[in-house]
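The values are calculated or read from the model by the stated rules, or taken from the named source; none is laboratory data. Everything numeric in this text was worked out from a predicted model, so none of it was measured. Reconstructed Cβ throughout: ideal geometry from the backbone, glycine too, with neighbour counts over all protein chains shown. When the accessible area is computed, the model is the full protein with side chains, heavy atoms only, and any ligands, DNA or RNA have been set aside. Shrake-Rupley method; radii C 1.70, N 1.55, O 1.52, S 1.80 Å.
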Amino acid sequence: MKTPRLIVALLVLALLLGTSCGEARGPGSGGNKEVEVDVRIRFSKFIPDEFEFEAGTTVTFVVKNDDEIDHEFLIGDEAVQRAHELGTEAHHGARPGEISIPAFETRETTYTFDEPGTLLIGCHLPTHYDFGMRGTITIGP
């Protein structure tokens, strides 16, 4: 009867190790987390289109465009989104949280969420944002 106890003990140990390994930390981080999130673009929609992170989290968004047309993935508040909607930048990639993703390609951007609040993601190629190509990022304390 020792075998079932050993199996249960190993399962509990595996669960505990799996839980502790799920949190990535950077060197010398005082609670700061680093995570990677996969985002898919399909039919001019972000999948997923809602995200939640704790303040102090650095996120690398790996964005795969499965559409036949180019898209953008731009992070910012309402003012940033409005500026991009009215702006004239043809391509993005030099600033954190701003990338252009050609059709059938994958790009990534890294962004640190310093303050609690709400930010938006959007694509501002003609009519995309109005069509609903947007999402929400909630940053908690």
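Numerical summary
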read-out: Residues of region 102-121 satisfying the condition of being over 23 Å from Ile139 (Cβ atoms) and assigned to a strand (DSSP E or B); value: Thr106
read-out: Test: residue in region 45-68 that is of a type in the set (Gly, Ala, Ser), closer than 15 Å to His128 by Cβ and in a loop (DSSP other than H, G, I, E, B); value: no
read-out: Sole residue being modelled with pLDDT of 95 or more and buried (at least 17 other Cβ atoms within 10 Å of the Cβ), chosen from Thr138, Thr118, Thr109; value: Thr109
read-out: Filter result (more than 15 Å from Gly122 (Cα to Cα) and open to solvent by 60 Å² or more (accessible area, probe 1.4 Å)) within region 53-68; value: Glu54, Glu68
read-out: Evaluation of His124 against (1) of a type outside the set (Ser, Thr, Tyr); (2) in contact with a Gly (Cβ under 9 Å, 6 or more places away or on another chain); (3) touching a residue at least 12 places away in the same chain (Cβ under 8 Å); (4) not in a loop (DSSP other than H, G, I, E, B) (one fails), failing number; value: (4)
read-out: Among the residues listed as Leu86, Leu125, the single one being within 22 Å of Phe43 (Cβ to Cβ) and open to solvent by 30 Å² or more (accessible area, probe 1.4 Å); value: Leu125
